[in-house]
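Take a look at the following structure, please.
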Amino acid sequence: MSNYHIKSFDEYYHVYRKSVREPENFWEEVAEEHFLWRKKWDKVLSWDFNKPEIKWFENAKLNITENCIDRHLHIRGDKTAILWEPNDPREAAQHITYKQLHQRVSKFANVLKEQGIEKGDRVCIYLPMIPELAVAVLACARIGAIHSVVFAGFSSTALATRINDSTCKMVITSDGSYRGSKTIDLKGIVDAALEECPSIETVLVAKRINSDIEMKEGRDQWLQPLLDAASDDCPSEIMDAEDPLFILYTSGSTGRPKGMMHTTGGYMVYTAYTFKNVFQYREDDVYWCTADIGWITGHSYIIYGPLANGATTVMFEGVPSYPDSGRFWEIVQKHKVNQFYTAPTAIRALAKEDQELVEKYDLSSLKVLGSVGEPINEEAWHWYDNHVGKKKCPIVDTWWQTETGGIMISPIPYVTPTKPTYATLPLPGIQPALMDENGEEVKGNQVDGRLCIKFPWPGMARSVWGDHQRFKDTYFSAFENKYFTGDGALRDEVGYYRITGRVDDVIIVSGHNLGTAPIEDAINEHPAVAESAIVGFPHDVKGNALYGYVMLKDVGESRDRDNLRKEINQQISDKIGPIAKLDKIQFVTGLPKTRSGKIMRRILRKIASKDTANLGDTSTLLNPDVVESIMEEAIVS
Ligand code: ATP
Ligand code: MG
């Protein structure tokens, strides 16, 4: 029986038990059988969550790009590695084979070297979803430079903060980007950011929109001529398994973003392993993750996990609503996508649109649907199941974090029976624990608590860049000898996990612990509701009461607001209990979201408790104007 590819529920249990009883042996077998190492490890694992210090595959040597590219060349050199779909459907898609990827990465890596980038240097990548982005990431990895990808929707201030935090030497960007019907002046944003970034020596500029931009003498260089002149032979830098591979800033839903530092060997093994199992990838499948490479989902499940398995991975430059809201489904049909991985925010947005936009496309190639980023509410889950999967594609609700490197709790499709809103069971190697307020582990089933992980896994982050103390304080101090996720969860009668939201957002009403997700889920079931967010606010009697921000669907706009309030509370009463009823319901036209599409409850909490003088870090907000209008219409009494 192979540990690497799980094909039945019995096998899952068998492999899982082994991974808990003998974790070192388990991961050693996976690592030995499926990867290319220049030198094997002396020790599989050493760890101490108190320091914290975690080392996987100590003293092993490798280069991750040899695993993601070179070793596929003789068996699948002409297979498409990256299938790039442009913003405008009238522009041709690009099929980049493993051979071509090898060439492009090698050339780019040589350019980096010529520009003075060395092993360990930090390179900031601020690019739209064009092939150069994936190539730049891999080129850094090829020569051992540490990439720090910043999502190309961030402002110049957010970009500057991230560049300075990790003292990057170079920025790789483009003249601009396409986003639906808009163009964005990326280079202008970079120029503004760099006024405050003394560590940057060079800016490489890819051409995408052919706009007339300013090039700063001695600092800025067009990428293409350098690539044209570069050799396509670039031997890879031999890295230690624990050498840093990249820094990636968390999306900032809860506060100042943290530069999570991931290393090479364990991250590779973990992303490859989880990709194979969670998507049940088979050799000729076409896999598509709609995330941006600026997020961890894009790092692990557009680039590293898929390529380490020799997969064909789709990279999409555009947005789900351009030219219309059928674009995702049009792409699925066009490229015969087999595995489709997206976020609840996209599912909810598309579910609001005309159903004809889904129904008119042939989605029969789909085998697996995935969700990540937030709890997926029941209504969205069913819409995804009915309209996209046509009830024959298992939905994998994958719970994980920037910090975890890869998927932690998720069904394995065609193996684990799914259950709406449940991420179900831990993947092999993952040992979750639910903890109570007193720091005791809550054992048994039908319980809830704070979600922790008891034992290291290869993909976990090793530090917060430049601030190891913050790494310790944030993740290893709340509970002794455990990694604390910051999320709350419940475990049902069969041991399935449901993520109930962030612990910071948990509201205690009259002594009861209420998670945000189950209540929002109940509200969203109302036919007139598109999306909602709840927060707590101080209340004389109950300690805390609930404030709900509710966004209506078009059908709800004409309804009487007071009736709607009653119906929504009735729905909560029926599904959860009267204790969870909302004291205040404000109807809004939008909810504040991070640029990765997550609801930012901490801002809503401040508005609900009339504490709007200091809203905290809003640099990662997607739609600041929504905040203004919510504040204006807040229920003050
Ligand atoms: P920050 O840490 O800066 O506040 P963030 O937590 O939003 O940002 P990410 O690492 O991208 O940054 O997101 C991880 C979080 O997203 C998880 O801790 C969890 O709260 C939520 N999440 C991700 N996937 C799921 C899921 N399938 N179900 C429920 N929640 C999820
Ligand atoms: Mg987080």
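The values are calculated or read from the model by the stated rules, or taken from the named source; none is laboratory data. This structure is a prediction, so every number in the text was calculated from the model and none was measured. Positions of Cβ are backbone-derived with ideal geometry, glycine not excepted, and every protein chain shown enters the neighbour counts. Side chains are part of the model used for accessible areas, which takes the heavy atoms of the whole protein and leaves out ligands, DNA and RNA. Shrake-Rupley method; radii C 1.70, N 1.55, O 1.52, S 1.80 Å.
Using per-residue counts of other Cβ atoms within 10 Å, averaged over each peptide, order 338-347, 127-136, 187-196, 8-17 from highest down.
The most tightly packed comes first, giving 127-136, 338-347, 187-196, 8-17.
Can I ask one more? How big is the antiparallel share of DSSP beta bridges in region 498-637, given as a percent to the nearest 5?
If I count the DSSP bridges inside region 498-637, around 75 percent turn out antiparallel.
Taking only pairs that are 8 or more places apart or on different chains, how many Lys pairs in region 510-633 have Cα atoms under 15 angstrom apart?
The number of close lysine pairs in region 510-633 is 8.
Which whole number in µm²/s is D for region 293-417 by Stokes-Einstein, with the Kirkwood Rh taken over Cα pairs at 20 °C and 1.002 mPa s?
Once the numbers are plugged in, D ends up at 143 µm²/s.
Can you list the HN-Hα couplings for region 557-569, worked out from phi with the Karplus curve (6.51, -1.76, 1.60; θ = phi - 60°), rounded to whole Hz and with x for Gly and Pro?
4, 8, 7, 5, 5, 5, 4, 4, 4, 5, 5, 5, 5
Work from the charge dipole of the chain (Cβ charges, +1 for Lys and Arg, -1 for Asp and Glu, about the Cα centre) and give the residue of LEU357, CYS168, PRO198 farthest towards its positive end.
Positive-most Cα among the choices belongs to LEU357.
Can you list the aspartates and glutamates whose alpha carbon is less than 14 Å from that of LYS207, not counting same-chain residues fewer than 8 positions off?
Cα-Cα hits under 14 Å: GLU132, ASP175, ASP185, ASP220, ASP228.
On a C-alpha basis, how far is the centre of region 1-57 from the centre of region 524-599 in Å? Whole number, if you could?
When both Cα centres are located, 44 Å separates them.
Sticking with this one: For region 402-484, take N as its residue count and report Rg(C-alpha) divided by 2.2 N^0.38 Å.
Scaled against compact globular proteins, the figure is 1.20.
Using R₀ = 35 Å, calculate the FRET efficiency as 1/(1 + (r/R₀)^6) where r is the Cβ-Cβ separation of GLN224 and THR167; round to 0.05. Don't skip to the answer; put the middle values down first.
Numbers: r = 28 Å, r/R0 = 0.79.
In this case the efficiency is close to 0.80.
Here's something else I'd like to know. Cβ neighbours within 10 Å, averaged per peptide: list 557-568, 495-506, 55-66 in order, most packed at the top.
Those peptides, ordered most packed to least, come out 55-66, 495-506, 557-568.
Oh, and also: What residues of region 71-107 lie in the reach of a label at LYS334, counting those whose backbone N is under 17 Å from a point 7 Å from the Cα along Cα→Cβ?
It comes to 82-96, nothing else.
Shape verdict for region 301-346, please, from the Cα gyration tensor: rounded (a/c under 1.5), prolate (a/b greater than b/c) or oblate.
On the way: a/c = 2.33, a/b = 1.76, b/c = 1.32.
Prolate shape, in that a/c is at least 1.5 and a/b is the bigger ratio.
Between ILE238 and ASN386, what length in nm is gained on full extension when 0.36 nm per residue of separation is reduced by their alpha carbon distance?
Between ILE238 and ASN386, full extension yields 48.5 nm more.
Rounded, prolate or oblate: pick one for region 239-345, where a ≥ b ≥ c are the square roots of the eigenvalues of its C-alpha gyration tensor, a/c under 1.5 means rounded, and failing that, prolate if a/b is larger than b/c, else oblate.
Judged from the Cα gyration tensor, region 239-345 comes out oblate (a/c at least 1.5, b/c at or above a/b).
Where does the Debye-calculated log10 I(q)/I(0) of the chain sit at q = 0.05, 0.09, 0.11 Å⁻¹, using only Cα point scatterers of equal weight, no solvent?
Normalising to I(0) and taking log10 leaves -0.21, -0.72, -1.12.
What residues have an amide H closer than 5 Å to that of THR97, excluding those fewer than 5 places away on the same chain, when H is modeled at 1.01 Å from N in the peptide plane?
ALA81
I need to check one value: relative contact order of region 510-633, counting alpha carbon pairs closer than 8 Å and at least 6 residues apart, in percent.
24 percent
Quick check: with the 1.4 Å probe, what order do HIS102, HIS95, HIS526 take by accessible area, largest first?
The ordering from most to least exposed comes out as HIS95, HIS102, HIS526.
Out of residues 5 or more away from ALA206 or on other chains, whose amide H comes under 5 Å of its own, with H placed 1.01 Å from N in the peptide plane?
It is THR173, SER174, ASP175, LEU223, by chain and number.
Output the direction-averaged projected area (hull surface divided by four) of the convex hull of the alpha-carbon atoms of region 202-280, in nm².
Convex hull of Cα atoms, orientation-averaged projection: 10.0 nm².
Let me ask something additional. Multiply the residue gap between GLU359 and SER510 by 0.36 nm, knock off their C-alpha separation, and tell me the result in nm, one decimal place.
So the extension gain works out to 49.7 nm.
Additional query: To the nearest 20 debye, what charge dipole does the chain have about its Cα centre, counting +1 at the Cβ of each Lys and Arg and -1 at the Cβ of each Asp and Glu?
Magnitude of the dipole: close to 700 debye.
Work from the charge dipole of region 9-319 (Cβ charges, +1 for Lys and Arg, -1 for Asp and Glu, about the Cα centre) and give the residue of PHE151, LEU112, TRP222 farthest towards its positive end.
PHE151
Still on this structure: Could I have the simple spin-label model distance between ASP492 and ASP436, label points 7 Å from Cα toward Cβ, reported in nm to one decimal?
For the pair ASP492/ASP436, the computed spacing is 2.4 nm.
Could you order the peptides 329-335, 611-617, 378-384 from most to least packed, using the average number of other C-beta atoms within 10 Å per residue?
Numbers: 329-335: 19.0, 611-617: 11.9, 378-384: 20.9.
So the peptides 329-335, 611-617, 378-384, ranked by packing, come out 378-384, 329-335, 611-617.
Let me make sure I get this right: for region 9-319, a, b and c are the square roots of the gyration tensor eigenvalues over alpha carbons, sorted descending. Under 1.5 in a/c it's rounded, otherwise prolate if a/b > b/c, else oblate. Which is it?
Taking the square roots of the gyration eigenvalues as a ≥ b ≥ c, region 9-319 is prolate.
Which one of VAL541, SER8, PHE57 has its Cα pushed farthest toward the positive end of the charge dipole of the chain, where Lys and Arg give +1 and Asp and Glu give -1 at the Cβ?
Highest projection toward the positive end goes to SER8.
On a C-alpha basis, how far is the centre of region 393-411 from the centre of region 203-272 in Å? Whole number, if you could?
If we compute the Cα centre of each part, the gap is 25 Å.
Amide H to amide H, which residues 5 or more places from ALA343 or on other chains are under 5 Å from it, using H placed in the peptide plane?
Hits under the 5 Å cutoff: VAL372.
At ARG38 and ILE75, where each label point lies 7 Å from the Cα along Cα→Cβ, what is the point-to-point distance in nanometres?
Reported label-point gap for ARG38 and ILE75 is 2.3 nm.
Output ³J(HN,Hα) for region 583-595: one whole-Hz value per residue in order, computed from phi by the Karplus curve 6.51 cos²θ - 1.76 cosθ + 1.60 with θ = phi - 60°, and x for Gly and Pro.
These are the phi-based 3J(HN,Hα) values: 6, 10, 10, 10, 7, 10, 8, x, 10, x, 10, 6, 5 Hz.
Taking θ = phi - 60°, what integer Hz values does the Karplus form 6.51 cos²θ - 1.76 cosθ + 1.60 yield along region 536-552, in sequence order, with x for Gly and Pro?
x, 9, x, 9, 4, 8, 7, x, 9, 10, 9, 10, x, 9, 10, 9, 8
Let me ask something additional. Once you put a point 7 Å from the Cα of LYS419 and another 7 Å from the Cα of LYS352, both along the Cβ direction, what distance in nm separates them?
3.1 nm
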